[in-house]
Amino acid sequence: MISKKKDIIIIAHDLITNRTFSARYHFFIKSICNSKSYHINGIDLGFPYQTNPINSVNKLDGPILFKESIITLNLDYLNPIQKLLIWIDKNKIPYFFKKIVLALHIIIYKSDQWLAKTKEFNKLGLQPQIIISGGSGGIIKTCFKMANKYNSKLILDYRDPWNYGYHLLETNNLVYRFKKYFTIKNENKYLDKADQIITVSESLKSFFPLKYQSKITVIENGSNYEEAEVLNLINRSPTTFNIVYLGTIYNDQLHDETFFESVKNFIALNDLKHDSLRLNFLGAYKNPLLPKLLNKHGLSSCSKITDRLSNEDLLPFLLNASMFLHLKYGQRTQIITSKNADYLMFRKPILLPVSDNGDIAESMVKYKSGYVCNGVKETLTALNKEYDKFLKRENIMFEDRNMTSISRTEISKKLIEVLEKL
């Protein structure tokens, strides 16, 4: 007798943008599609919002993985505050006013703006047995309501924390406390309902109350690249000394200027021409503080800042890097971003100018992948050491090891294990 496949939906937003969390859910969808036990649809909430200016991105250049399994839900009904937020975006009202309206949404609806009416899903004719949330408080609330409506199993995925975890980037302590005051009771209700909970790290998992620990599984952020596809392409001795930073840069990462001061001293010490050194900030063009810092330290002429690039466009930079750059996230110690997996996949030395005393430093020690520094002196020593290898045309790659396990393809298979627990 042939058993019927279980119907699953993943509800998320901005699945058609080139963002880290989008890649996470694309590979989740791909993994489930490859399974013989489940039928899946990814639901992309089609809110016409502009994204936060610091996170703005372009549409994906290439086709979305398993695009036929993704449905864009163009909502006919939005609550009044959501409509006002759309009007603010359309008319380019200063972001300060949008924050006020967002606060009003939190007070009234106990979630962020990514909240959908469950009646909109009726038009799709879906009867999901399992619902997986695609992050953000509004989507978690939507998935909770859907699970109640259809009596579905519920999996909550916390790629970023809500109330249990570190303060989100670009969010001050007052805003964090405000959001927590109005939403913590609801979040606890959603966590009680959840059959399984996913986080991206053991650090994030540890924030949750003890009563939820038994149903939490860690599914890390992985690399967008496959080891077999890049290993033989990597340039082990680049002809230009290239330092590469991948992805968004937040203001919280730029309050400490150790890296920029170190590079300025490194250039002076080695009497470098600016065309022999390249600082590549790939995806950081929306940050207004970065160009000012580069100019302040005389680094503008050797620096390149880009919009967020497709994986294909990033590949030459990653293949020809001399070093990869991490910048700690202010005082936060529990952030380990997916760029770390991409860095590891390409096996070039990683530079952390000031230790985060947390997840990033621990990963670098675990993989012996580079330099965890504590100030200008140590950072300058690391730069000089790698530059000496560069001049001698030495192989700069760190110890060979199997990195297949850190690809998104492999990591996303853990979701099947979570589903099997149900």
Next on the checklist: Where the second residue is surrounded by 12 or more Cβ atoms within 10 Å (Cβ to Cβ) and the first is within 12 Å of PHE144 (Cβ to Cβ) and lies in region 165-193, which pairs have Cβ atoms under 6 Å and are six or more apart or on separate chains?
Outcome noted: ASN186/LYS110; GLU187/TRP162; GLU187/ASN163; TYR190/ILE140; TYR190/PHE144; LEU191/TYR212; LYS193/PHE144; LYS193/LEU154
Item to check | Residues of region 3-22 classified as surrounded by 22 or more Cβ atoms within 10 Å (Cβ to Cβ), under 20 Å from GLN113 (Cα atoms) and among the hydrophobic types (A, V, I, L, M, F, W, C), total | outcome: 4
Checklist entry - How many residues are in contact with a Phe, Trp or Tyr (Cβ under 7 Å, 6 or more places away or on another chain) and buried (at least 17 other Cβ atoms within 10 Å of the Cβ) if we restrict to region 115-131? => result 3
Item to check | Tally, over region 103-140, of residues that are touching a Ser or Thr at 6+ places or on another chain (Cβ under 7 Å) and more than 24 Å from SER69 (Cβ to Cβ) | outcome: 5
Checklist entry - Restricting region 264-288 to residues that are in a helix (DSSP H, G or I) and touching a helix residue (DSSP H, G or I) at 6+ places or on another chain (Cβ under 8 Å), which is surrounded by the fewest Cβ atoms within 10 Å (Cβ to Cβ)? => result ASP275
Checklist entry - Based on what the data block shows, is TRP87 among the hydrophobic types (A, V, I, L, M, F, W, C), modelled with pLDDT of 85 or more and within 25 Å of ILE197 (Cβ to Cβ)? => result no
Next on the checklist: Pairs needed: first member in region 23-35, crowded, with 18+ Cβ neighbours inside 10 Å; second member anywhere, in a helix (DSSP H, G or I) and among the hydroxyl-bearing types (Ser, Thr, Tyr); C-beta distance under 7 Å; at least 6 residues apart or different chains.
Outcome noted: PHE27/THR409; ILE29/SER69
Next on the checklist: Within region 200-237, take every residue that is of a type in the set (D, E, K, R), surrounded by 17 or more Cβ atoms within 10 Å (Cβ to Cβ) and assigned to a helix (DSSP H, G or I) and give me the one that is modelled with the lowest pLDDT.
Outcome noted: GLU227
Checklist outcome for this item: Reported set for region 25-66 where residues are of a type in the set (Ser, Thr, Tyr) and modelled with pLDDT of 90 or more is TYR25, SER31, TYR38
Checklist entry - Checking GLU261 against (1) in a helix (DSSP H, G or I); (2) not basic (Lys, Arg); (3) not assigned by TED's automatic domain parsing to the domain that holds PHE317, which single condition isn't satisfied? => result (3)
Item to check | Candidate set: region 101-159, residues that are in a loop (DSSP other than H, G, I, E, B) and among the charged types (D, E, K, R); chosen: the one farthest from the chain's Cα centre (by Cα) | outcome: LYS123
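Okay, residues lined up against (1) closer than 23 Å to TYR225 by Cα; (2) of a type outside the set (S, T, N, Q):
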position	(1), (2)
THR258	no, no
LEU289	no, yes
ASN295	no, no
ILE305	yes, yes
ASN311	yes, no
Item to check | Selected residue [within 25 Å of GLN334 (Cα to Cα), more than 26 Å from the chain's Cα centre (by Cα) and at pLDDT 95 or above] from ALA361, ALA382 | outcome: ALA382
Checklist entry - Going through region 171-199 one residue at a time, which ones are loosely packed, with under 14 Cβ neighbours inside 10 Å and within 18 Å of ILE335 (Cβ to Cβ)? => result THR171, ASN172, ASN173
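The values are calculated or read from the model by the stated rules, or taken from the named source; none is laboratory data. Nothing here was measured: the structure is a model prediction, and the numbers come from that model. With ideal geometry, Cβ positions are generated from the backbone for all residues, glycine too; neighbour counts draw on all protein chains shown.
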